[in-house]
Amino acid sequence: MTSRSGAVRRGPVFVVAVVVLGAFLAGCSLFEDPAPQPTVTGGVPTTPGATPTETPVHELVPDGDAADNLPLFESVVLSVWESDDRARGRAYIDALTEVGFDRDDMQVTQDQTTVGNAAESIQFSVRWGEAECLVGQVGPSTGDPVVAVMDQLAEGRCLVGETRAIDW
């Protein structure tokens, strides 16, 4: 039904339909028993309602695999990401070296484009053993830092494409 101006009139049927739909959707949540889901903030898993505890101290596990060393790798990446050096690939390499990762096993991409602009994403890695890599990615196009254990590529490389020399 329309008025002379051509606008649709919304009568009592429309209002009742909106109220019924709202009540139905609200009632759906009454039947669920949601368990607290862990969330990740700042790289530290937390559970809603839990009291904060001391941040775990991560150490290099030389005899471990890449997964054993991922917590340390992640904590270093997050600490650099929270600093003023967050857009400098060298800062990640230096910080990883400082905690014991071997610089000779690392790769890093350029942190500037060929025309001198800041890169949208920086990747860096640490080759671990004969088959694995710890890989990190940061930058405006990434959002929060991303870290992962990945399989090595051909010739023991971890990153695809051109990387910069770590000669400092």
5 angstrom amide H check on I166, placed H, neighbours 5+ away | none
Enumerate the calculated ³J(HN,Hα) couplings along the range 76-90 in order (Karplus 6.51 cos²θ - 1.76 cosθ + 1.60, θ = phi - 60°), each rounded to whole Hz, writing x wherever the residue is Gly or Pro.
-> 5, 4, 5, 5, 5, 4, 7, 9, 6, 8, 4, 9, 10, x, 4
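Of the heavy-atom accessible surface of the range 75-138 (probe 1.4 angstrom), what whole percent is carbon and sulfur? Could the numbers behind the result be given before it?
Values: 1350 of 3220 Å².
Accessible surface attributable to carbon and sulfur in the range 75-138 totals 42 percent.
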Taking amide hydrogens as modeled 1.01 Å from N in the peptide plane, which residues meet the under 5 Å criterion relative to L153, leaving out close sequence neighbours?
-> C158
What ³J(HN,Hα) values, in whole Hz, does the Karplus curve 6.51 cos²θ - 1.76 cosθ + 1.60 give for the range 119-134 when θ = phi - 60°, with x put for Gly and Pro?
-> 5, 6, 7, 10, 10, 8, 8, 10, 5, 10, x, 9, 9, 10, 9, 9
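Report the gain in length on full extension from E98 to E130: 0.36 nm times residue separation, minus Cα-Cα distance, nm rounded to one decimal.
Values: separation 32, 0.36 × 32 = 11.52 nm, distance 2.25 nm.
Between E98 and E130, full extension yields 9.3 nm more.
The values are calculated or read from the model by the stated rules, or taken from the named source; none is laboratory data. It should be emphasised that the depicted structure is a prediction, and the values quoted were computed from it without experimental measurement. Each accessible area value is taken on the protein alone, full model and side chains, heavy atoms only, with ligands, DNA and RNA left out. Shrake-Rupley method; radii C 1.70, N 1.55, O 1.52, S 1.80 Å.
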